[in-house]
Amino acid sequence: MGPSSPTSSPGPAPASSLTAARRARELAGLAAGGQVDVLVVGLGATGAGAALDAASRGLSVAAIDAHDLAFGTSRWSSKLIHGGLRYLASGQLDVAYESAVERGVLMERTAPHLVRAQPFVLPLTRLVSRGQAALAWSGFRAGDALRLSARTARATLPAPRRLSAVETRHLAPALRTAGLRGGLLSWDGQLADDARLVTAIARTAAAHGARVLTRVRAVSLSGSGAVVRDELTGEEHTIRARAVVNASGVWAGGLVDGVRLRPSRGTHLVLRSDGLGGLGGLPAGLHIPIPGESNRFVLVLPQGDGRVYVGLTDEPVDGAVPDVPEAPETDIGFLLDVLGTALDVPVHRGDVVGAFAGLRPLLDTSADGSGSTADISRRHAVLTSPEGVVTVVGGKLTTYRRMAQDAVDAAVAARGLGAGPCRTTSLPLVGAAAPHVLSGLKAPRRLVQRYGTEAPAVHALGAADPALREPVVPGHPVTRAELVWAVHHEGALDTGDLLDRRTRLGLVPADRETALKAAEEALAGA
Ligand SMILES: Cc1cc2nc3c(=O)[nH]c(=O)nc-3n(C[C@H](O)[C@H](O)[C@H](O)COP(=O)(O)OP(=O)(O)OC[C@H]3O[C@@H](n4cnc5c(N)ncnc54)[C@H](O)[C@@H]3O)c2cc1C
């Protein structure tokens, strides 16, 4: 089903494999004066999606990122592929419908290996009035109707249902019993990992001939290409292109005049699942209502790897955009406080083993840049500058494919490119296969959920060299084989790529420290 299926490394490199050698070769070709149809700037979900969209329409493509695949906002999400319930509540039916359609595309066609159905419990505690519960229930019912209208099968996402207090406690044993009168169960899509989605999209683009180049920064853009800097050597080159797509997320305004963004920070906590009064062993996620707000929740998101994320905030951010946003103590305190309203055993600051923050690239549509970012539309925008650079911003991870399609449509129209129709609604990403194929693969389930049809090849690395079966960090499932795989097939160039994006060991600073040596060894052995 996938475009190519690599075997264990090193071997002959399949078309989807990204390596340091391939990067150097392809960058040299472009620097020597080669021209592409489309240059995409930014390799988050949106840019990787645009590269795949354009390449699969038969266009020649170069896609660059100043850092790495998924270096920006795309790795700081809640990892939900969601049906847009929130947008429904705020009356943005078109945004909600688009989300629901894209969720179905990912879960049923393009990435069933990476997105699973996740149950969520909304506990009906003393803090949730009967009126609020009725409102939430009608929202979940409307969400299910949206699923139906988006033609996503009931088998993919089960129906919401009311839970008794006993059922609620069974699904979420960490909840406080006193005053718990039941719960509401709903389902949404949950990614194994957002950065892995981006890697899969970028590699699928590469399999269709796109040149996917990390550590290449766009210094300036024009309608006919870009001046870029190779961040590994410091050398500057010109890449000539017939069309340019700016998908640099929250940094987009720095490359094209007139693009005004209003970034909003979202923070998540990382907790270890053991010792939290059953919080970590949760089969279900939790929606915990934020006191005083009618339609906002703190999410408890079990990751299945011994970690639980708790998020998220929505705070406007002013000033220069940092490469890696910091999670402030005020956000951490807020999340712990809301968690404390629902749990039996309190979670303390000392239980927080990591925290991460991301900046939503929201388009500023207000006259004066004021107002709450929680109210800014998550609708995406495609803007073509007078020079012909197409900028695509806003939206969300869930709708990356549609954003990419709209951006490439605009570039094709602006530049009169001869391109085929968009194919990405039915184009499986690297590793994708039908559920019955995935469940028959001879590899641990966890690997299948991250590597799909490539899982047996990742697993086989450990058969060839038992040392590679060893966990990188005691108590966390990532093995050394995954680091080696990332170097040979997923374009990992340094320890940061390995620990912070191809795997997420780096989300816990103590684990990152422990893993550093193994990452260096994986790179040295390449
Ligand atoms: C806290 C939080 C939680 C979220 N949760 C969800 C969720 O659960 N589900 C969902 O659907 N959406 C979610 N979102 C929204 C979603 O994460 C973003 O909308 C999406 O990831 C944006 O992707 P992007 O590719 O447009 O931008 P980015 O991922 O930021 O990519 C932009 C890239 O451009 C590169 N770049 C910047 N400048 C240059 C340059 N000069 N040259 C070359 N490259 C450059 C950067 O290095 C970066 O990799 C969340 C957002 C936040 C902040």
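Quick look at the numbers
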{"read-out": "Enumeration of residues in segment 82-97 that are in contact with a strand residue (DSSP E or B) (Cβ under 9 Å, 6 or more places away or on another chain) and under 30 Å from Val437 (Cα atoms)", "value": "His82, Gly83"}
{"read-out": "Test set (1) under 26 Å from Val115 (Cα atoms); (2) in contact (Cβ under 8 Å) with a residue 24 or more places away in the chain - Gly420 fails condition number", "value": "(1)"}
{"read-out": "Within segment 53-84, tally of residues that are of a type in the set (A, V, I, L, M), under 16 Å from the mean Cα position of the chain (by Cα) and more than 9 Å from the ligand (Cβ to nearest atom)", "value": "0"}
{"read-out": "Any pair with Cβ under 6 angstrom, 6 or more apart, that starts in segment 468-491 at a residue that is over 24 Å from Leu18 (Cβ atoms) and ends at one that is surrounded by fewer than 19 Cβ atoms within 10 Å (Cβ to Cβ) and of a type in the set (Val, Ile, Thr)", "value": "Val473/Thr514"}
{"read-out": "Count of residues meeting criterion [touching a residue at least 12 places away in the same chain (Cβ under 8 Å) and surrounded by fewer than 24 Cβ atoms within 10 Å (Cβ to Cβ)] in segment 501-510", "value": "4"}
{"read-out": "Strands (runs of 3 or more DSSP E) enclosed by segment 269-360 - at least 1 residues per element that are within 28 Å of Ala133 (Cα to Cα)", "value": "285-289, 297-302, 307-311"}
{"read-out": "Some residue of segment 232-246 being near the ligand (Cβ under 8 Å from one of its atoms) and more than 15 Å from Thr384 (Cβ to Cβ)", "value": "no"}
{"read-out": "Hits in segment 381-400 (condition: within 12 Å of the ligand (Cβ to nearest atom) and in contact (Cβ under 8 Å) with a residue 40 or more places away in the chain)", "value": "Thr391, Val392, Val393, Gly395, Lys396, Leu397, Thr398, Thr399, Tyr400"}
{"read-out": "Residues within segment 105-138 that are assigned to a loop (DSSP other than H, G, I, E, B), among the aliphatic types (A, V, I, L, M) and under 30 Å from Gln449 (Cβ atoms), tallied", "value": "2"}
{"read-out": "Neighbours by Cβ (under 7 Å, 6+ apart or cross-chain): first from segment 434-459, closer than 21 Å to Ala522 by Cα and surrounded by 14 or more Cβ atoms within 10 Å (Cβ to Cβ); second of a type in the set (Val, Ile, Thr) and at pLDDT below 95", "value": "Ala457/Thr7"}
{"read-out": "Qualifying residue in segment 194-203 (condition: under 28 Å from Val41 (Cβ atoms), surrounded by 20 or more Cβ atoms within 10 Å (Cβ to Cβ), small (Gly, Ala, Ser) and touching a strand residue (DSSP E or B) at 6+ places or on another chain (Cβ under 7 Å))", "value": "yes"}
{"read-out": "Subset tally (residues that are closer than 15 Å to Gly44 by Cβ and of a type in the set (Gly, Ala, Ser)) for segment 394-412", "value": "4"}
{"read-out": "Qualifying residue in segment 400-414 (condition: out of contact with any Cys (no Cβ under 9 Å at 6 or more places or on another chain), acidic (Asp, Glu), assigned to a helix (DSSP H, G or I) and at pLDDT 95 or above)", "value": "yes"}
{"read-out": "For Leu146: the one exception among (1) touching a residue at least 60 places away in the same chain (Cβ under 8 Å); (2) touching a Pro at 6+ places or on another chain (Cβ under 7 Å)", "value": "(2)"}
{"read-out": "Residues satisfying the stated conditions in segment 307-338, i.e. more than 20 Å from Leu271 (Cβ to Cβ) and of a type in the set (A, V, I, L, M, F, W, C)", "value": "Val317, Ala320, Val321, Val324"}
{"read-out": "Residue match in segment 20-42 (condition: closer than 30 Å to Leu148 by Cα and part of a loop (DSSP other than H, G, I, E, B))", "value": "no"}
{"read-out": "Qualifying residue in segment 221-240 (condition: out of contact with any strand residue (DSSP E or B) (no Cβ under 9 Å at 6 or more places or on another chain), of a type in the set (S, T, N, Q) and surrounded by fewer than 21 Cβ atoms within 10 Å (Cβ to Cβ))", "value": "yes"}
{"read-out": "Which numbered condition Met403 misses (of (1) in contact with a helix residue (DSSP H, G or I) (Cβ under 7 Å, 6 or more places away or on another chain); (2) under 27 Å from Ala117 (Cα atoms); (3) without any contact (Cβ under 8 Å) to a residue 60 or more places away in the chain)", "value": "(3)"}
{"read-out": "Options Arg307, Arg265, Arg272; residue that is more than 19 Å from Ala70 (Cβ to Cβ) and touching a residue at least 60 places away in the same chain (Cβ under 8 Å)", "value": "Arg272"}
{"read-out": "Pick from segment 98-116, criterion touching a strand residue (DSSP E or B) at 6+ places or on another chain (Cβ under 9 Å) and among the basic types (Lys, Arg), ranking: surrounded by the most Cβ atoms within 10 Å (Cβ to Cβ)", "value": "Arg103"}
{"read-out": "Qualifying residue in segment 158-167 (condition: modelled with pLDDT of 95 or more, surrounded by fewer than 24 Cβ atoms within 10 Å (Cβ to Cβ), of a type in the set (A, V, I, L, M) and in a loop (DSSP other than H, G, I, E, B))", "value": "yes"}
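Matching residues to (1) within 20 Å of the chain's Cα centre (by Cα); (2) at pLDDT 90 or above; (3) not β-branched (Val, Ile, Thr):
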position: Asp318; (1), (2), (3): no, no, yes
position: Val321; (1), (2), (3): yes, yes, no
position: Pro325; (1), (2), (3): yes, yes, yes
position: Asp331; (1), (2), (3): no, yes, yes
position: Asp344; (1), (2), (3): no, no, yes
position: Leu362; (1), (2), (3): yes, no, yes
position: Ser370; (1), (2), (3): no, no, yes
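The values are calculated or read from the model by the stated rules, or taken from the named source; none is laboratory data. No experiment lies behind these values; they were computed from the predicted model shown. Please note: Cβ atoms are built from the backbone with ideal geometry, for glycine as well, and neighbour counts cover all protein chains shown.
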